[in-house]
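First the structure, in the form of structure tokens, and then the observations on it.
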Amino acid sequence: VQLVESGGGLVQAGGSLKLSCASSGSILGLFGWYRRAPGKQRELVAQITATGSTDYADSVKGRFTISRDSAKRTVYLQMNSLTPEDTAVYYCNRQFIGREYWGEGTQITVSS
């Protein structure tokens, strides 16, 4: 299974972006968006279960929304009210039956 992220780029503070994570296989299992900012450890941003339950890091609650479209085999991350602190490489992750898959990441840069 391959995960391919898209939708990254440069945006001004207060702006929005929508990331997509397209799977070459099914999207059964747990999906998450992680990010790694310069000089920081990778952190979990948002997760969505197979049944659609979601969870978010405190820093993005109310601003980010994770969703999934089984027909398109794609998981999304809608990001609103972006701040420079959201600048990072964002990675898509899938966990299913003891296996873990990662995308290569997409850069988000938020200018002040």
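Every number in this text was worked out from the coordinates using simple rules, so none of it is lab data. Just so we're clear, the structure is a prediction, and the values are computed from it rather than from any experiment. Backbone-built Cβ (ideal geometry, glycine too); neighbour counts: all protein chains shown.
Tabulated data
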| read-out | value |
| --- | --- |
| Calculated over the stretch 46-112: convex hull of Cα atoms, volume per residue (Å³) | 104 Å³ |
| Low-density loop cleavage sites - trypsin sites (Lys or Arg not before Pro) in the stretch 14-43, where at most 14 other Cβ are within 10 Å (DSSP) | K40, R42 |
| Overall Cα dimensions of the chain - principal axes, largest extent first, Å | 40, 25, 23 |
| Over the chain, relative contact order from alpha-carbon pairs under 8 Å, at least 6 apart, % | 37 percent |
| Potential lengthening between A13 and S111 on full extension [0.36 nm per residue; Cα-Cα distance subtracted] | 34.7 nm |
| Distance between modelled label sites at S81 and A57, nm, 7 Å Cα→Cβ extension | 1.7 nm |
| Cα-based convex hull volume of the stretch 1-54 per residue, rounded to whole Å³ | 113 Å³ |
| Whole-number percent relative contact order across the stretch 41-93, with pairs defined as alpha carbons under 8 Å at least 6 apart | 23 percent |
